[in-house]
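Asks: Right, I'll just put the structure down here and ask away after.
The values are calculated or read from the model by the stated rules, or taken from the named source; none is laboratory data. The model shown is predicted, which means the values in this text are computed figures rather than measured ones. Here the Cβ positions follow ideal geometry from the backbone for every residue, glycine too, while neighbour counts run over all protein chains shown. Heavy atoms of the whole protein, side chains included, go into the accessibility calculation; ligands, DNA and RNA do not. Shrake-Rupley method; radii C 1.70, N 1.55, O 1.52, S 1.80 Å.
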Amino acid sequence: LIRKVLARQVLDSRGNPTVEAEIHLENGTCATAIVPSGASTGSHEALELRDNNKSRYGGKEVWNAVGNIKKRIAPELVGKDAANQAEIDRILIELDGSKNKSVLGANAILAVSLCVARAAAKAIGVPLFKYLGGSQAITLPIPFANLINGGVHSDAPLDFQEFMIVPKGAPSFKEGLRYGVEIFHTLKTILHEKRLGTGIGDEGGFAPSISSATQALDLLLEATEKAGYSPGKDIFYALDAAATELYEEGVKIYVFKKSQNIKLPPSHLVELYRELSQKYPLISIEDGMAENDWEGWKQLTQQLGGTLQLVGDDLFVTNKEFLKKGIEEKVANAILIKVNQVGTLTETFQTVELAKKNGYRIMVSHRSGESEDPFIADLAVALNAGQIKTGSFCRSDRLSKYNQLLRIEEVLADNAIYGTEF
Ligand code: PGA
Ligand code: ZN
């Protein structure tokens with residue numbers, strides 16, 4: 001039973017304030033959880049409550065959310081059973097009462113929701129992934145590692161946000177991680193030699209002075225081969241275009257503002273993706289179209305959905321209502337899962353269940369603003385997602401997840417499976 005619920009303001013990987021919750025159980029167990037924060041957020045995400053006092057931390061403090069945990073949530077949860085996640089999340093949702101968790105703040109609610117699960121797992125001495133996923137939780141995810149950061153995550157003149165390598169051909173997570181890390185180090189040497197800059201963006205990927213997707217993918221190809229791996233066999237590639245950031249809704253045009261100021265109608269953007277997928281072993285494109293461009297999304301899915309994984313991030317915001325619409329309108333074929341987009345663990349599980357039932361693939365994801373908390377590593381295994389997106393191979397906010405997956409793979413030993421079928 002829950003004895004005490006505490007909360008505090010801590011800092012995320014961008015140096016912005018975020019919420020940490022701490023829960024104590026009657027039996028002496030104690031657990032904490034820190035919530036992440038996005039930059040290229042979908043407009044239908046659950047609300048992240050900020051204080052907006054511009055004179056402190058640029059208005060980004062979260063003392064109101066922290067106060068809501070201490071004063072409003074804590075009294076409701078003391079004495080409740082931490083092992084009953086669904087009941088705890090129901091209480092949190094009802095206490096907030098709004099559609100987008102704007103009353104207490106999704107950051108307050110999620111911190112508690114995650115923390116309760118962690119405390120309950122700890123109390124019975126079961127690893128978190130097993131507590132959440134049971135004996136079926138045996139799939140180690142393929143890392144989609146964002147080695148080149150563009151869009152709103154870096155100053156590189158690149159409009160697409162993420163250029164990822166996917167070590168799908170590796171025999172295990174541990175080996176996939178090694179392939180990826182070796183390519184990361186090789187890419188650094190290449191960028192250094194070409195004088196393109198080795199500075200990094202928000203997710204630990206490089207932010208070189210290049211301005212097109214082909215340049216980025218050529219660099220990834222070169223690094224892959226130079227590191228001794230085979231593109232299209234060991235290593236594949238993936239994009240997060242984060243196209244919502246490029247879309248001018250009034251005129252229905254995508255504008256590449258950071259690079260050459262190119263303007264493309266949706267149909268030409270689809271053609272660009274087709275060309276890229278013919279030229280490179282590309283297997284997945286996330287947010288290829290904007291969250292409000294459902295027509296564009298339909299075109300994209302009709303034309304490329306048979307051969308590529310098309311992941312909805314801003315489009316679905318981990319919310320089963322938006323996913324339902326996607327299923328009905330035959331849009332996308334995979335969903336990105338970010339716990340803070342929806343705000344509780346129970347709702348996350350419901351969305352995943354709906355996705356799986358309808359043949360949509362799952363990719364568990366970090367946010368661009370992260371912390372040392374590795375919760376999503378356990379979550380990815382618990383959900384048998386088969387895919388995780390948690391950044392590049394430097395900065396401990398990203399590596400904490402990879403390191404946790406190494407531990408989980410060790411626990412599962414011979415029972416572990418690596419990745420998903422494409
Ligand atoms: P965000 O970026 O956390 O800034 O939203 C990640 C993504 O778009 O997938
Ligand atoms: Zn995205």
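Asks: Carbon and sulfur together cover what percent of the accessible area of the chain at a 1.4 Å probe radius?
Replies: On the way: 7790 of 16070 Å².
Carbon with sulfur: 49 percent of the solvent-accessible area.
Asks: If you filter region 335-422 for GluC sites (Glu not before Pro), then keep DSSP loop positions with at most 13 other Cβ within 10 Å, what is left?
Replies: On the way: sites: E347, E353, E370, E372, E409, E410, E421; in loops: E370, E372, E421.
Sites meeting the loop and neighbour criteria: E372, E421.
Asks: My understanding is that a pair violates if its Cα-Cα distance is over 25 Å; which of K252/K330; K60/K325; K101/K325; K60/K298; K188/K233 do that in this structure? Write down the numbers at each step before the final one.
Replies: Details: K252/K330 21 Å; K60/K325 33 Å; K101/K325 21 Å; K60/K298 37 Å; K188/K233 22 Å.
From the list (K252/K330; K60/K325; K101/K325; K60/K298; K188/K233), the Cα-Cα distance tops 25 Å for K60/K325; K60/K298.
Asks: For the residue pair S211 and N100, what label-to-label distance in nm results when each label sits 7 Å from Cα along the Cα-to-beta-carbon direction?
Replies: So the label points at S211 and N100 sit 3.5 nm apart.
Asks: In whole Å, how far is the Cα centre of region 191-226 from that of region 374-413?
Replies: Measuring centre to centre over Cα atoms gives 24 Å.
Asks: What distance in nm lies between label points placed 7 Å from Cα along the C-beta direction at I91 and D218?
Replies: Distance between the two pseudo-spin positions: 5.9 nm.
Asks: For I262, enumerate residues with amide H under 5 Å from its amide H, sequence gap 5+ or separate chain, H modeled in the peptide plane.
Replies: F256
Asks: Calculate one ³J(HN,Hα) per residue across region 228-234 by plugging θ = phi - 60° into the Karplus curve 6.51 cos²θ - 1.76 cosθ + 1.60, and present them in order as whole Hz with x for glycine and proline.
Replies: In residue order, the calculated couplings are x, 10, 9, x, x, 10, 7 Hz.
Asks: Modelling each spin label as a point 7 Å along the Cα-to-Cβ direction, I'd like the K357/R395 distance in nm, to one decimal.
Replies: For the pair K357/R395, the computed spacing is 3.7 nm.
Asks: Here is a further query. Express the accessible area of the chain per residue in Å², computed with a 1.4 Å probe while the remaining protein chains stay in the model.
Replies: Numbers: 16070 Å² over 422 residues.
Accessible area per residue, the chain: 38 Å².
Asks: So, one more: Taking amide hydrogens as modeled 1.01 Å from N in the peptide plane, which residues meet the under 5 Å criterion relative to E286, leaving out close sequence neighbours?
Replies: So E286 has HN proximity to L239, D240, A241, V311.
Asks: Something else now. Need one value: the accessible area of R56 in square angstrom, 1.4 angstrom probe, rounded to the nearest 10.
Replies: 120
Asks: Sorting H192, H268, H153 by accessible area (1.4 Å probe), largest first, what list results? The partial results should precede the final answer.
Replies: Numbers: H192 135, H268 100, H153 10 Å².
Accessible-area ranking of H192, H268, H153, largest first: H192, H268, H153.
Asks: Also, quick follow-up: Stretched out fully, how many nm does the piece from E295 to E410 gain, at 0.36 nm a residue minus the Cα gap?
Replies: Working: separation 115, 0.36 × 115 = 41.40 nm, distance 4.52 nm.
Gain on extension, E295 to E410, equals 36.9 nm.
Asks: Need the full-extension length gain, Q260 to E329, defined as separation in residues times 0.36 nm minus the C-alpha distance. One decimal, nm. Each step should come with its number before you reach the end.
Replies: Numbers: separation 69, 0.36 × 69 = 24.84 nm, distance 3.34 nm.
Computed gain between Q260 and E329 is 21.5 nm.
Asks: Scan around Y418 for amide H atoms under 5 Å from its own, H built in the peptide plane at 1.01 Å from N, and keep only partners 5 or more places away or cross-chain.
Replies: HN-HN under 5 Å from Y418: L140.
Asks: At 0.36 nm per residue, and after removing the present C-alpha to C-alpha distance, how many nm does the segment from K226 to I417 gain when stretched out fully? Working shown, then result.
Replies: On the way: separation 191, 0.36 × 191 = 68.76 nm, distance 2.83 nm.
Gain on extension, K226 to I417, equals 65.9 nm.
Asks: Calculate the dipole size of region 50-204 relative to its Cα centre from +1 charges on Lys and Arg beta carbons and -1 charges on Asp and Glu beta carbons; express the result in debye to the nearest 20. All intermediate terms of the calculation are to be shown ahead of the outcome.
Replies: Values: 20 positive and 16 negative charges, 69 e Å.
The dipole magnitude comes to about 320 debye.
Asks: Can you tell which of L315, S259, V116 lies farthest toward the positive end of the dipole of the chain, using +1 and -1 charges on the Cβ of basic and acidic side chains (Lys, Arg; Asp, Glu)?
Replies: Comparing the listed Cα positions along the dipole, V116 ranks first.
Asks: Once R0 is set to 60 Å, what does the formula 1/(1 + (r/R0)^6) return for the Cβ-Cβ distance between C30 and K194, expressed as a FRET efficiency to the nearest 0.05? List each step's numbers first, then the result.
Replies: Numbers: r = 50 Å, r/R0 = 0.83.
Efficiency, rounded to the nearest 0.05: 0.75.
Asks: Let me ask something additional. Within region 327-422, which trypsin sites (Lys or Arg not before Pro) sit in a loop by DSSP and count at most 14 neighbouring Cβ atoms inside 10 Å? Working shown, then result.
Replies: Working: sites: K330, K338, K356, K357, R361, R367, K389, R395, R398, K401, R407; in loops: K330, K338, R367, R395.
The qualifying sites are K330.
Asks: When the Karplus curve 6.51 cos²θ - 1.76 cosθ + 1.60 is applied with θ = phi - 60°, which whole-Hz ³J(HN,Hα) does each residue of region 53-66 get, with x for Gly and Pro?
Replies: Values, residue by residue: 8, 4, 7, 10, 6, x, x, 8, 5, 10, 5, 5, 5, 4 Hz.
Asks: Taking the Cα centre of the chain as origin, sum charge times position over the Cβ atoms of Lys and Arg (+1) and Asp and Glu (-1), and report the length of that vector in debye to the nearest 20. Please list the in-between numbers first.
Replies: Details: 47 positive and 53 negative charges, 106 e Å.
Using Cβ point charges on Lys, Arg, Asp and Glu, the chain gives about 500 debye.
Asks: Tell me, what ³J(HN,Hα) does each residue in region 318-324 have, in order and in whole Hz, if you take phi through Karplus 6.51 cos²θ - 1.76 cosθ + 1.60 with θ = phi - 60° and put x for Gly and Pro?
Replies: Once θ is set to phi - 60°, the couplings for region 318-324 become 6, 10, 5, 5, 6, 5, 4 Hz.
Asks: A follow-up question, please. Counting only helical runs of four or more DSSP H residues, what would the 222 nm mean residue ellipticity of the chain come to if each run contributes -39,500 (n - 2.57) and the total is spread over all its residues?
Replies: Value at 222 nm, helices only: -11000 deg cm²/dmol.
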